[in-house]
1. Give me the residue from the stretch 1-57 that is among the polar types (S, T, N, Q) and surrounded by 13 or more Cβ atoms within 10 Å (Cβ to Cβ) and, out of that set, farthest from Gly69 (Cα to Cα).
2. When the residues of the stretch 98-122 are filtered to those that are modelled with pLDDT of 70 or more and either in contact with a helix residue (DSSP H, G or I) (Cβ under 8 Å, 6 or more places away or on another chain) or acidic (Asp, Glu) (or both), which remaining residue is nearest to Val36 (Cα to Cα)?
3. For the stretch 62-94, what are the residues that are exposed (fewer than 10 other Cβ atoms within 10 Å of the Cβ) and of a type in the set (D, E, K, R)?
4. Looking at (1) within 16 Å of the chain's Cα centre (by Cα); (2) part of a loop (DSSP other than H, G, I, E, B), which is the only condition Pro21 fails?
5. Considering the stretch 37-58 alone, what residues qualify as being under 14 Å from Tyr3 (Cβ atoms), outside any loop (DSSP other than H, G, I, E, B) and either aliphatic (A, V, I, L, M) or without any contact (Cβ under 8 Å) to a residue 12 or more places away in the chain (or both)?
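The values are calculated or read from the model by the stated rules, or taken from the named source; none is laboratory data. Keep in mind it's a predicted model, so treat the numbers as computed, not measured. Note that we place each Cβ from the backbone using ideal geometry, even for glycine, and neighbour counts take in every protein chain shown.
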Amino acid sequence: MVYLLNAPVLTAYGTYQFLGPISSFEARKRLDGQVVSSAIGHEGTASLLSKILERSVQMKRISVQLHPGDSALVFRLLERLPEGVILSTEELETIPYELGWLQLISQGNRSPHNNFEDMPRRGLK
């Protein structure tokens, strides 16, 4: 599966490859013929990606869980926005951004302390 993300999120423990920046041409080429699921959570970003990729990108606030072999095209702003700011397409176009390609190569093993209840409690009362 290929996802569209607005940040390079590591959704599981494992080994990842993050390539980039890649051009919009390269992004379109990698998406061509693929089943793509959008996890772009803001309308402005979805609209800008629609222009960049020359295909419809829907806004969907969904959680993504990558599995080995899954990939994601990542839209990455190069400036940190103030908390709570939601930008329009036009505003996003004025901020430096890049595209990257994230792939989960292999799933990692969880730590033996795989939940909070089993973890040693140093200094916690």
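1. Ser47
2. Among them, the one singled out is Trp101.
3. Passing the criteria: Glu79, Arg80, Glu83.
4. (2)
5. Result: Ile40, Ala46, Leu49, Leu53.
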